[in-house]
Amino acid sequence: MELVGTAVNRAELRRYLARVADRWELLAAYLGGARIADERGAPPQRERGPEFVVVLVSDAFQGVPWLERVYVAGSLWDGLEMGAPADIHCYTKAEFDRKCATMAAVREAVWHGLDLLATEPV
């Protein structure tokens with residue numbers, strides 16, 4: 001299902017997940033941000049924030065410096081295909097549990113975004 005305008009390019013999103021999963025085994029992956037809020041009927045007159053927020057969880061991130069994780073995962077994101085850049089968050093399970101409690105962007109992506117590893121992912 002491809003929508004026009006601010007719709008999320010689900011085919012490219014699946015390709016992005018495949019590129020990430022080629023490097024790290026993912027325990028969880030979420031997509032939030034303004035484009036997801038748009039699809040869910042958020043009013044146009046609001047503080048948009050980032051168009052996309054990607055939260056990736058993998059214990060394979062253990063020992064990999066945070067900036068390196070984010071750089072690599074961010075370089076795999078195709079902003080042209082998706083229509084906007086993404087704020088990328090890469091955490092181990094333990095880091096993810098802490099960030100959900102302390103970072104609104106992560107919490108919003110988890111609570112109100114798309115679970116990208118769900119049975120019917122995107």
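The values are calculated or read from the model by the stated rules, or taken from the named source; none is laboratory data. Fair warning: this is a prediction, and the values are worked out from it, not measured in the lab. Quick reminder, even Gly has a Cβ in these numbers, built from the backbone with ideal geometry, and neighbours come from all protein chains shown.
A few notes on this one:
- For the residues Gly41, Gly49, Gly63, the requirement of being at pLDDT 95 or above, assigned to a loop (DSSP other than H, G, I, E, B) and either over 16 Å from Leu117 (Cβ atoms) or basic (Lys, Arg) (or both) singles out Gly63.
- Hits in the stretch 80-122 (condition: under 16 Å from Arg35 (Cβ atoms) and among the hydrophobic types (A, V, I, L, M, F, W, C)): Leu80, Met82, Ala84, Ala86, Ile88, Ala105, Ala109, Leu114, Leu116, Val122
- Only residues that are among the small types (Gly, Ala, Ser) and under 16 Å from Arg69 (Cα atoms) were counted across the stretch 80-122, and they come to 2.
- Filtered by the rule that a residue be under 17 Å from Asp87 (Cα atoms) and among the polar types (S, T, N, Q), the stretch 7-57 gives a lone residue, Asn9.
- Residue ID - surrounded by the most Cβ atoms within 10 Å (Cβ to Cβ), chosen from residues in the stretch 82-98 that are closer than 12 Å to Leu56 by Cβ and within 14 Å of the chain's Cα centre (by Cα): Cys90
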